[in-house]
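> What follows is a structure written as structure tokens; I'll ask about it next.
All of the numbers you see were taken from the coordinates with simple rules; none came from a lab. Quick caveat: nothing in here was measured; it's all calculated off a predicted structure. Note: ideal-geometry Cβ built from the backbone for every residue, glycine included; neighbour counts use all protein chains shown.
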Amino acid sequence: MTDTQWPRWLVFEQSSEKSHHTIAGSVHAPDAELALLNARDVFVRRPQVISLWLVRADRIYSKTAEEMANNPDWASDAEPGETETYLVFQKLGHRGKHTHAGEVTASSPPAAVSAALEALPGSGRQEPVVWWVVPDRLVYRSTEADIAEMFEIAHSKAPIRDQGFFLTKLKLRQGIDEYDEDDHE
């Protein structure tokens, strides 16, 4: 049996220019474009959102503080190769959310986590319990041009998600009546 589930995309939202992108949840979609539209419909209902980032869940490399403590040689998995930019996300505590902490340049995901440990320490009050890294090239982002179309509708009074707002029944009834008239001629 083959897997028929669409890929899972993690959604990160930014609520203001001063805030970092923070995980909002996930959506399933066949591609990044549809994932962005699904994320808008699911996560941009009421809150102030100015930007969305999406990443396929299977593209994120993750290391917990416990994994790193239990296996001091974990960074030896780093493979030499071309360097690229990685986005780094930290989770500061077991109840916290993964939040964008910055960027590092590395040749592999384990090397990116190592670089993040040196360049992006915890907040001072709390050390991260989970580190996520993902190549920047794999992040699908909303753009400045998307703001009006995707995010400002949440501030309008239009009941965009209220099924009563759409005249589906009326249109279906008109279609049935027209069908009946054609059928009886």
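> Using amide H atoms built in the peptide plane, which far-off residues or other-chain residues are under 5 Å from H21 H to H?
Residues meeting the amide H criterion: H100.
> For E118 and I147, what is the calculated FRET efficiency with R₀ set at 41 Å and r taken between the beta-carbons, to the nearest 0.05? The partial results should precede the final answer.
Values: r = 35 Å, r/R0 = 0.86.
With R0 = 41 Å, the Cβ-Cβ based efficiency is 0.70.
> Here's a follow-up. Provide, in order from the shortest bin, the percent of all Cα-Cα pairs of segment 92-142 in each 10 Å bin, continuing until the bin that contains the maximum pair distance.
In order of increasing distance, the bins hold 23, 52, 24, 1 percent.
> Also: Report ³J(HN,Hα) in whole Hz for each residue of segment 24-33, in order, from the Karplus equation J = 6.51 cos²θ - 1.76 cosθ + 1.60 where θ = phi - 60°; Gly and Pro get x.
For segment 24-33, the Karplus curve yields 9, x, 9, 9, 10, 7, x, 8, 5, 4 Hz.
> Ordered by packing density, taken as the mean number of other Cβ atoms within 10 Å over each peptide's residues, highest first, how do 25-34, 107-116 rank?
Numbers: 25-34: 14.7, 107-116: 21.5.
My ranking of the peptides, most packed first, is 107-116, 25-34.
> What is the distance, in nm, between label points placed 7 Å from the Cα along the Cα-to-Cβ direction at D41 and at T22?
About 2.6 nm, to one decimal.
> Just want the ordering: K97, K91, K18, from fewest to most Cβ atoms lying within 10 Å of their own Cβ.
On the way: K97 13, K91 20, K18 6.
Result, fewest neighbours first: K18, K97, K91.
> Next up: Report ³J(HN,Hα) in whole Hz for each residue of segment 100-114, in order, from the Karplus equation J = 6.51 cos²θ - 1.76 cosθ + 1.60 where θ = phi - 60°; Gly and Pro get x.
4, 10, x, 9, 9, 10, 8, 9, 7, x, x, 5, 5, 5, 4
> Between S107 and D58, 0.36 nm times their residue separation minus their Cα-Cα distance comes to what?
Working: separation 49, 0.36 × 49 = 17.64 nm, distance 1.85 nm.
Stretched fully, the S107-D58 segment lengthens by 15.8 nm.
> Something else: Given C-alpha coordinates of segment 8-158, what is the ratio Rg to Rh with the Kirkwood estimate of Rh? Walk me through the intermediate numbers first.
On the way: Rg = 16.3 Å, Rh = 16.3 Å.
In segment 8-158, Rg relative to Rh is 1.00.
> Oh, and also: In which sequence would M68, M150 go, from the one with the fewest C-beta neighbours within 10 Å to the one with the most? Don't skip to the end; give the middle numbers.
On the way: M68 15, M150 21.
Fewest to most other Cβ atoms nearby, the residues stand as M68, M150.
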